[in-house]
Amino acid sequence: MQPLPHTPPLDFALLQQTLPGQGPRSRRTLWWLLGLLLLLVASVVALVLYLNAFEHEEEERRRISDGQWLEQSVRFHFVRLEEDLRVLARQALQIEGSAGPREPTVQGGLLWNQPGAILWHGWQPRSTAPDAEGPEIFQQARAANPWNEDALSTMLAIAVGLHRSSYAGPLRDSHGLVTDTVWLAVPYFERGEFLGNYLAALSMKNCVDGLVPAWFKQTHRIGLANDAAWGGEVDHPNGLAPYLAAMNLPGTDMFIEIAPLRAQPATVPRIFLLVALLFLAGMLVSLLALRRDIAKRQRVQALLEAQMVLRTAMEGSVSIGMRAWASNGQILYVNEAFCRMVGYRAEELIGRRAPMPYWPANRADELSVMHHEVITKGTRGEGVEVQFEHRDGHLVEVLIHEAPLVTASGEHVGWMSSVLDVSEKKHVERLAAQQQERLEASGRLVAVGEAASTLAHELNQPLGALSSFAHGLLNRLRDQSVSPEEIERVVQRMARLSDKAGGIIQRVNAFARQREMVMAPVELTHFAQRCIAAQPRSGDAQVQWSGSPARIWVHGDELLLEHVVNNLLGNALAWAQRGRGSARVRVAVNLREGEQAATLAVADSGPGVDENAREQIFNAFFSTQEGGMGMGLAICRSIVEAHHGRIEVGADSALGGALFTVWLPLTRSAAHPAKEPA
């Protein structure tokens, strides 16, 4: 063997170089190849023997499974026939008790509808003794042969004694030859009392013809065992033994003889053998070239190991996490920086698929969807920001960029991810956002403080109602003209008004102090209808409703939104009284799918809002009503903006008055809301 050339310096281009061939094969390698060749020949012989045995076993298994399937099918249809005859027996009893003559009818199963399967059927009431004259065809069958008489008598005795259907046959003719005729007796009992038998004469040849499907007959020869007139001894030129499928008819010993018409060779094992032979031939050719390539592969392996050392050192020096995964979502590679970022070893991550162990449990579904999109399309130019959960439980904010992972031939096999820890950057951004929220909260606190007098007006209604209920109840108690039930109803209404007033105060206090609002899914259509129904009205103003038939879900504080709707509706009812015509108010709720928002519009037939006043109408202390403080619409705007929406004012073309429109964003969980509207 020639000595290997001197190892050149490390260079990535060396991986694509072709090394020169090696010398002739050694004697040891020759003996090794000869032994392997003998092993291949022995494998071919073993495969041929196995194929023959497999084909024989497969044919035997197929023959038995076909026979068992036919047994189950025959038994099922004969049980169905017994049920059909039991229905006819019930109808025969009803016909006996009716005035006019009628024929029993039934929509039976396959045997009932098979032409020639049922030679005769009829009802034999209990009054007819087993030895007395019955149906003529039945008496003829009994008289044809002494064996028939014993079989039919036994059939009737078993049917009555065991309370189940019984068969007799196959019957014999006057010459003693076996026919394909079988009699069936179905006893009918009512409340434990025997009322009679429903008898039927069956042609087993026609029954089997109707039960066996055409596709089964194409590959099998069917015959009745011990029937020389039809089937009989079946010739089997292919040497395959027939299968006797028992018909399982109590009182008979009949079998269906099933013989395959031709052997069905196992195509798959033959193909497997051919493929194995080709594979073994290719392996032999490969072995002939293996020795020549061994030295080259050893050389390339040494170079690859050197490059692996260099690449490992490079990966250990960077702080950016690297992760590679295949197109099916399986992790192929992670570097040390990524392992430090999530707290897991590389052995614990490589080979894993979604869900990943470093995904937060509360965001597993969202990350699963994002994971599917990333392995399908990659990330955009700006990357994707997600949260990872470190093994010790703390969250890590990361920015992920994906690049296609392709082979040397250009085939796309996965993605290479660069994962940058941006937790410190996000922390600084959150501090800035908190500072901005404090500034906004200060502005809301000033607005709510100025709105105290207006909220007192909102509380006048429940407090005034409480006072009226209290004085009225006190007067009736003094006059002793009130029952305990009436006291309970009044007290319940007072409690509800008190809770409502307290809720208004708590929500406004929380809004002023920047406490978390009680946000929940709200079905806007039913919510607006409920506010309209609860709105007190004065005069003859009419409120028209127009809503979308589909449910519209928004995310908000129900009590604060109720304050907005009540304020807009109250203003509309008040201004509608000042119009020239009849006072009318229209409330409409619509879905804006293109903008992912819902709108609630309140219009009136009043004089409307002057264009010069529209820019100031939502400002604090600006009012167009005499004696108004100008805080109602300002508070409405603050509440709507706190829900990330907006409120607008305009003119309604239909009613001629003002039109106030509230825009609210749709909730993301609209398709699966957390609760139904109250």
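The values are calculated or read from the model by the stated rules, or taken from the named source; none is laboratory data. Everything quoted here is computed from the prediction, not taken from an experiment. With ideal geometry, Cβ positions are generated from the backbone for all residues, glycine too; neighbour counts draw on all protein chains shown. Keep in mind that these areas ignore ligands, DNA and RNA; they rest on the heavy atoms of the full protein, side chains included. Shrake-Rupley method; radii C 1.70, N 1.55, O 1.52, S 1.80 Å.
Filtered by the rule that a residue be over 16 Å from Gly632 (Cβ atoms) and of a type in the set (Asp, Glu), segment 571-604 gives Glu593, Glu595. Of all residues assigned to segment 562-569, none qualifies as being touching a residue at least 40 places away in the same chain (Cβ under 8 Å) and of a type in the set (D, E, K, R). Of the residues making up segment 345-374, those that are exposed (fewer than 15 other Cβ atoms within 10 Å of the Cβ), touching a strand residue (DSSP E or B) at 6+ places or on another chain (Cβ under 8 Å) and charged (D, E, K, R) are Arg353, Arg363. Scanning segment 57-78 for residues that are in contact with a helix residue (DSSP H, G or I) (Cβ under 9 Å, 6 or more places away or on another chain) and of a type in the set (Ser, Thr, Tyr) yields one hit, Ser73.
Taking residues in segment 393-404 that are among the hydrophobic types (A, V, I, L, M, F, W, C), and partners anywhere that are open to solvent by 60 Å² or more (accessible area, probe 1.4 Å), the pairs with Cβ atoms closer than 7 Å and at least 6 places apart or on different chains are Val396/Asp421; Val398/Leu420; Val398/Asp421; Leu399/Glu385; Leu399/Leu420. Within segment 117-131, is there a residue that is modelled with pLDDT under 80, open to solvent by less than 20 Å² (accessible area, probe 1.4 Å), in contact with a Leu (Cβ under 9 Å, 6 or more places away or on another chain) and farther than 23 Å from Phe255 by Cα? No, segment 117-131 contains no residue that is modelled with pLDDT under 80, open to solvent by less than 20 Å² (accessible area, probe 1.4 Å), in contact with a Leu (Cβ under 9 Å, 6 or more places away or on another chain) and farther than 23 Å from Phe255 by Cα. Only residues that are open to solvent by 20 Å² or more (accessible area, probe 1.4 Å), at pLDDT below 75 and over 26 Å from Arg584 (Cβ atoms): list them for segment 623-649, please. Result: Met629, single match. Scanning segment 650-664 for residues that are buried (at least 17 other Cβ atoms within 10 Å of the Cβ) and over 17 Å from Asn566 (Cβ atoms) yields Asp652, Leu655, Gly656, Gly657, Leu659, Trp663. Of all residues in segment 171-224, those satisfying the criterion of being under 48 Å from the mean Cα position of the chain (by Cα), of a type outside the set (Lys, Arg) and open to solvent by 60 Å² or more (accessible area, probe 1.4 Å) are Ala214, Trp215, Gln218. Number of residues in segment 306-321 that are open to solvent by 60 Å² or more (accessible area, probe 1.4 Å) and modelled with pLDDT of 80 or more equals 1. For segment 243-276, what are the residues that are assigned to a loop (DSSP other than H, G, I, E, B), open to solvent by 20 Å² or more (accessible area, probe 1.4 Å) and modelled with pLDDT under 75? Result: Leu261, Arg262, Ala263, Gln264, Pro265.
Can you pull out the residues in segment 571-596 that are in a helix (DSSP H, G or I), without any contact (Cβ under 8 Å) to a residue 60 or more places away in the chain and within 14 Å of Ala658 (Cα to Cα)? Correct list: Leu573, Ala574.
Put simply, of Ala576, Ala603 the only residue that is modelled with pLDDT under 90 and open to solvent by less than 10 Å² (accessible area, probe 1.4 Å) is Ala576.
Just one residue in the set Asn566, Asn619 is of a type in the set (S, T, N, Q) and more than 21 Å from Ala520 (Cβ to Cβ); that residue is Asn619. Residues in segment 161-170 that are surrounded by 14 or more Cβ atoms within 10 Å (Cβ to Cβ) and modelled with pLDDT of 85 or more: Ser165, Ser166, Tyr167, Ala168, Pro170.
For segment 333-348, check the following and say yes or no: at least one residue is under 29 Å from the mean Cα position of the chain (by Cα), in a loop (DSSP other than H, G, I, E, B) and not hydrophobic (A, V, I, L, M, F, W, C). No: segment 333-348 contains no residue that is under 29 Å from the mean Cα position of the chain (by Cα), in a loop (DSSP other than H, G, I, E, B) and not hydrophobic (A, V, I, L, M, F, W, C). If you filter segment 380-393 down to residues that are touching a helix residue (DSSP H, G or I) at 6+ places or on another chain (Cβ under 9 Å), open to solvent by 30 Å² or more (accessible area, probe 1.4 Å) and not charged (D, E, K, R), you find that the one that is farthest from Lys426 (Cα to Cα) is His390.
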